[in-house]
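See below for the structure under consideration.
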Amino acid sequence: MNYIQPEKAGILSKNILNYLKYLERYNLATHDIIIAKGNDIVFEKYWKPFNENFLHRMYSVSKSFVSLAIGFLEQDGLISLDDKISKYFAEEIKNQTDENMRNQTIRNMLMMSTAKEERFWFDAKPSDRVKFYFENDRPYSRKPGILFQYDSTGSFVLGALVERLTKKELAEYLREKLFNKIGVSEGAHFLKCPGGHSWGDSALLCTPRDLLKTARFVMNGGRWNGEQILNEDYIKSAVSRQIDNDEYGVQNIQTQGYGYLFWRAYNNSYYFNGMGCQFAVCVPDDDIIFVYNGDNQGNN
């Protein structure tokens with residue numbers, strides 16, 4: 001990527017400076033910022049001890065990477081998005097009597113419109129997190145596909161589905177299909193969960209530039225250097241509003257709709273979103289990507 005002056009990208013340098021002053025004024029723990037216009041970098045800054053090679057834990061940004069892996073599964077003919085998840089986890093779900101949960105599809109899980117409120121595995125400390133998900137004994141359930149309710153473990157299970165069908169670790173499959181083609185760093189990887197599964201909903205470690213490249217790939221509609229790597233229809237669906245997520249009638253950045261493990265934003269934008277302020281905001285109408293990593297849990 002080349003560097004260009006902000007003004008050449010239609011961005012005022014003084015506005016970037018004002019933003020940096022804002023971060024300092026409110027004592028936000030910022031690790032790095034990258035602003036890109038097309039294939040050019042407009043602004044890039046790292047705060048010590050962080051640098052361009054630091055592998056950040058991306059928290060729920062990881063979910064959007066799982067979405068891309070599911071897109072490749074579909075492209076490879078290994079799944080249909082309307083397959084019931086129970087088709088692939090028959091052993092784990094065998095004791096689940098709730099029909100809503102048995103009937104939920106891969107598409108429902110991508111949209112976070114699953115049948116039951118998730119149980120928190122940190123407290124339960126299960127030996128296998130996938131099995132723990134399917135043994136959910138909460139009494140209330142609803143027809144899947146109707147209501148958005150954040151289901152982190154559901155997206156984790158989709159990552160486990162990738163591993164089950166490909167017989168490869170999630171990062172290995174993504175490296176084969178995507179990472180090596182767009183230049184994601186060799187060190188990018190997922191931490192593991194109980195049961196040996198990749199922690200696909202919260203524990204991708206990669207560099208800010210890795211996140212920028214992946215966001216650019218998505219903004220390109222699944223293309224890179226002229227090659228259509230992932231079909232454009234899946235990408236378009238993934239970043240489009242698939243379900244409303246304004247549960248309480250509160251209009252803010254997180255209630256603009258939800259796609260397939262991507263968040264919608266204002267003005268036809270969408271973003272990768274992780275706890276503590278891990279972001280890649282994509283603004284297609286202006287061809288701008290904004291990457292931010294920090295540690296602002298409880299301060300945002």
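The values are calculated or read from the model by the stated rules, or taken from the named source; none is laboratory data. These numbers were taken from a predicted model, which means no experiment stands behind them. Methodologically, a virtual Cβ is constructed for each residue, glycine included, from the backbone with ideal geometry; neighbour enumeration extends over all protein chains shown. Quick note on the areas: whole protein, heavy atoms, side chains included, nothing else; ligands and nucleic acids left out. Shrake-Rupley method; radii C 1.70, N 1.55, O 1.52, S 1.80 Å.
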Checklist line | Approximate spin-label separation residue 90-residue 140, in nm, with each point projected 7 Å along Cα-to-Cβ | finding: 3.4 nm
Item checked: Euclidean distance between Cα centres, the range 164-196 to the range 221-294, Å -> 21 Å
Item checked: Under-5 Å amide H pairs with residue 258, H placed in peptide plane, nonlocal only -> 242, 243, 245, 264
Checklist line | Cut-off under 5 Å, modelled amide H: who pairs with residue 105 long-range | finding: 85
Notebook entry, point to check: At a 1.4 Å probe, what is the % contribution of carbon and sulfur to the accessible area of the chain?
Noted result: 48 percent
Next item on the list: Whole number in Å², please: accessible area per residue of the range 244-300, 1.4 Å probe, ligands, DNA and RNA not counted.
Entry: 44 Å²
Margin query: So, R0 is 51 Å and r is the distance between the beta-carbons of residue 76 and residue 25; what FRET efficiency does that work out to, to 0.05?
Written below: 0.55
Notebook entry, point to check: Once amide H atoms are placed 1.01 Å from N in the peptide plane, what residues at a sequence separation of 5 or more from residue 145, or on another chain, have their amide H within under 5 Å of its amide H?
Noted result: 113, 114
Note to self: Among DSSP bridges having both ends in the chain, what percentage is antiparallel? Round to the nearest 5.
What the structure shows: 95 percent
Note to self: Of the candidates 18, 245, 220, which one comes out as most mobile in a Gaussian network treatment of the chain with C-alpha springs shorter than 10 Å?
What the structure shows: 18
Checklist line | the range 1-157, accessible area per residue, ligands and nucleic acids excluded (1.4 Å, Å²) | finding: 51 Å²
